[in-house]
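Structure first, commentary second.
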Amino acid sequence: MVITYYGITCFKIEAHGVSLAINPFSKTPGLSAPRFEAAIILATNNSYQNASLPGNPYIICGPGEYDIASATIRSIKLHPNNTAYIIEWDELRLMHLGEFNDGGEKNLDTALKDVVDAIDILFLPIGGTLSPKNAVGVMNALDPAITIPMQFAIKGYEKKLGKLKEFFNVTGGDMHREAKLSIKKRDLLQERQGVVVLKPPYDIL
């Protein structure tokens, strides 16, 4: 599996020759819309399901369970404007929290009871509606093998977001940046990798 970050809460995930997009955004002031081809789009709220990507992707927005392209996708409504996704694909279990907000931890615990076992990779918003302190609390509660921060301040994006370094000030860990993440289940069986920062195509502030 290969994971690439495009900024805000947008990722491309590739496995078995198939690409899945999460929250591809339309052209935004200061940012260019992602233009990669995807077979599947996951939208954590309605604003992302209208993004134009090449091809004819199958769009999922809202709660439900889907089996598509060898992946099992479960979506859970955490509050009216945000859906979380659990993706089981290529022997890995991934979770994208969307634009999760402060005060939602109780909703998350209730929604995920008896639903999720171990999370291999967590996509965690750390600079938007979730404060760095609460983001670390969510990360510790879910205890993933890998956490990938998202929704932090990047150059050109006009919406005010918290800075990545503020999250690391709370974790107290080192910041390691990768262009993309190539991962297999056996890699996680050998070593938990902690927080992995994927570099978007914009400077990190």
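Throughout, read-outs are computed from the coordinates displayed, never taken from laboratory work. Every value quoted in this text rests on a predicted model; they were computed, and no experiment measured them. No Cβ is skipped: glycine too gets one built from the backbone with ideal geometry, and neighbour counts run over all protein chains shown.
Between VAL18 and ILE204, the contour length at 0.36 nm per residue exceeds the alpha carbon distance by 64.1 nm.
Would you kindly state how much longer the chain becomes between ALA33 and SER182 on full extension, computed as 0.36 nm times their sequence separation minus their alpha carbon distance, in nm to one decimal?
Numbers: separation 149, 0.36 × 149 = 53.64 nm, distance 2.34 nm.
Taking 0.36 nm per residue and subtracting the Cα distance, the gain is 51.3 nm.
Put in order of Cβ neighbour count within 10 Å, fewest first, the listed residues LYS27, LYS184 become LYS27, LYS184. Counted by neighbouring Cβ atoms within 10 Å, the residues CYS61, CYS10 run from fewest to most as CYS61, CYS10. Among residues other than PHE36 with Cβ under 13 Å from its Cβ, the summed charge is +1 (Lys and Arg +1, Asp and Glu -1). Every helix of 4 or more DSSP H residues in the chain counts as -39500 (n - 2.57), and over all residues that averages to -4500 deg cm²/dmol at 222 nm. At an R0 of 41 angstrom, the distance between the Cβ atoms of LYS165 and ASN56 translates into a FRET efficiency of 0.55.
Of the trypsin sites (Lys or Arg not before Pro) found in the range 32-99, the ones in coil according to DSSP and having at most 13 other Cβ atoms within 10 Å of their Cβ are ARG35. Close amide H contacts of VAL195 (hydrogens built in the peptide plane, cut-off under 5 Å, sequence separation of 5 or more or a different chain): THR147. Each Cα pair under 8 Å and six or more residues apart adds its sequence gap; the mean of these over the residue count of the chain is a relative contact order of 19 percent.
Between the beta carbons of LEU189 and GLU158, assuming R0 = 41 Å, the FRET efficiency works out to 0.45 to the nearest 0.05.
Which of these, ASN45, ASN56, ASN82, has the largest mean-square fluctuation under a Gaussian network model of the chain (Cα springs below 10 Å)? Highest fluctuation among the options: ASN56.
In the range 156-205, how does Rg compare with the Kirkwood Rh, expressed as the Rg/Rh ratio over alpha carbon atoms? Working shown, then result.
Working: Rg = 13.5 Å, Rh = 13.0 Å.
Across the range 156-205, the Cα-based Rg/Rh ratio is 1.04.
Which FRET efficiency value, to the nearest 0.05, do you get for ASN46 and ASP174 by plugging their Cβ-Cβ distance into 1/(1 + (r/R0)^6) with R0 = 35 Å? It comes out at approximately 0.40. Karplus-derived 3J(HN,Hα) values for the range 199-205, using 6.51 cos²θ - 1.76 cosθ + 1.60 with θ = phi - 60°, are 7, x, x, 9, 5, 7, 8 Hz; glycine and proline are entered as x.
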